[in-house]
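What follows is a set of notes on a single structure, which appears directly below.
Values quoted throughout were computed directly from the atomic coordinates according to the rules given, and no laboratory measurement underlies them. Because the structure is a prediction, the values reported are computed rather than measured. Cβ placement follows ideal geometry from the backbone for every residue including glycine, while neighbour counts extend to all protein chains displayed.
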Amino acid sequence: MSYTTVKAKVCDLFNLPQIPAENTILVRQYASPHPMVPEIEHHVFNVDELRDLVNWWRGTISRNIWLYGPTGTGKTSTIEQFAARLGIPVYKIGCHLRREFSEFEGRWTFKRNESGTGTEPVFNKGVLPMSMEEGAILLLDEYDTCNPSTAMAFNAVLDSQKLLITETSELVKANDKWLVAACCNSNGSGDQTGQYRGVQPQNAAQMDRWLILKKDYLPVEEEKAILENVASQLPQDIKDAMIAYGNELRAVNVWSGGGLNVPFTTRTLIAWAKWTLSLYRSKISGNTLEVALEKVLLQRGEPTDQEVMRQIWQRVNPIGKKP
Ligand SMILES: Nc1ncnc2c1ncn2[C@@H]1O[C@H](COP(=O)(O)OP(=O)(O)OP(=O)(O)O)[C@@H](O)[C@H]1O
Ligand SMILES: [Mg+2]
């Protein structure tokens, strides 16, 4: 599909007023809406992370990025929302141990023949050649759960920017705008926490093809902006307590070297705020904040994890400030 580009101010596009207005970026506009360009949703961008993404988009250092971090830090959604704002199609595929490289290339299927008397085989290109040809983003979600030898088959494509489709012998050349993002819970050296079963240690030669970027949970001010969007009606001290509690739990999570096995994610924070608000609106009596917390978090994990989470909550709980 053909597109034109228009210049946009980075500060406006990503709602980051601290970026100088003279910084511009090219946004794609397809002649008719492209089905693979993600819808724009509310998303809080971090200025340092955005700088890395823009460098990736420009191809300054590498056109292959490996974003890793604990669950729910916003790895997948950040790539999608970056693309949404720049009008770039995203070909996302969930990876797992048994995915074969041929599934990335495409697969045979049948279509009705021209005379309408029967069917004939046709090869449907997969996410890899489609994203290459269009200069789109290939989003390899949970890529570190791939069998390491399957992942090794990407080396040749990343190096040569070409793919010879095994089944059809068609040679696909990557458009020079092609971008690849792997979103993972590990940096390729396997799961160090015991929390991310299914993650496979990857081959060092494979890892050398990626720019590895760490994705952390957002700073307080940015999480405040997220809560402002999903639950602005909640009192500020309640929202602050939610964020403070989340950060206390993160500090003692196994990922940070502590003992807690249950992650407090951005997903959890949003779910907690939405639950609290909906209970509050339904005029449910009692401590709505705590009831909602029970639903979104406190039933998870081993009894010892639950105990730790409850103890920390008792300390952080803004008593007397219930919504
Ligand atoms: N910066 C952000 N602004 C707004 N919402 C966010 C932000 N980061 C994350 N979220 C929200 O948090 C949830 C989790 O984000 P996402 O799925 O991108 O995390 P992830 O890091 O890919 O997690 P996983 O490792 O489990 O795949 C989503 O609902 C997403 O919309
Ligand atoms: Mg993800």
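For the pairs Lys92/Lys215; Lys92/Lys177; Lys7/Lys162; Lys239/Lys274; Lys75/Lys239; Lys7/Lys177, flag any whose C-alpha to C-alpha distance is greater than 21 Å. Those over the limit are Lys7/Lys162; Lys75/Lys239.
Think of it as helices only: each DSSP H run of n ≥ 4 in the chain is worth -39500 (n - 2.57), and spread over all residues that comes to -11000 deg cm²/dmol at 222 nm. In segment 220-316, the inverse of the mean reciprocal separation of distinct Cα atoms equals 13.6 Å; this is its Kirkwood hydrodynamic radius. Convex hull volume of the Cα atoms of segment 3-214, normalised per residue: 142 Å³. Among the GluC sites (Glu not before Pro) in segment 92-157, those located in a DSSP loop and surrounded by at most 14 other Cβ atoms within 10 Å of their own Cβ are Glu100, Glu114.
Alpha carbon centre of segment 174-205 versus segment 227-270: separation in Å? Using only Cα atoms to place each centre, the spacing works out to 25 Å. Here segment 220-316 is treated with +1 on each Lys and Arg Cβ and -1 on each Asp and Glu Cβ, and its dipole about the Cα centre works out to around 340 debye. The DSSP beta bridges internal to the chain are antiparallel in roughly 45% of cases. In terms of packing, defined here as the mean over residues of other Cβ atoms within 10 angstrom, the peptides 8-19, 82-93 line up highest first as 82-93, 8-19. For the chain, the residue among Gly135, Asn15, Thr168 whose Cα projects farthest onto the positive side of the dipole built from Cβ charges is Asn15. Charged side chains reduced to their Cβ positions (Lys and Arg at +1, Asp and Glu at -1) give segment 3-214 a dipole of some 180 debye around its Cα centre. Projecting the Cα positions of Leu50, Tyr91, Ser285 onto the charge dipole of the chain (unit charges on Cβ atoms of Lys, Arg, Asp and Glu, taken about the Cα centre) puts Ser285 furthest along the positive direction.
Considering segment 141-262, its Cα convex hull presents a mean projected area of 10.7 nm².
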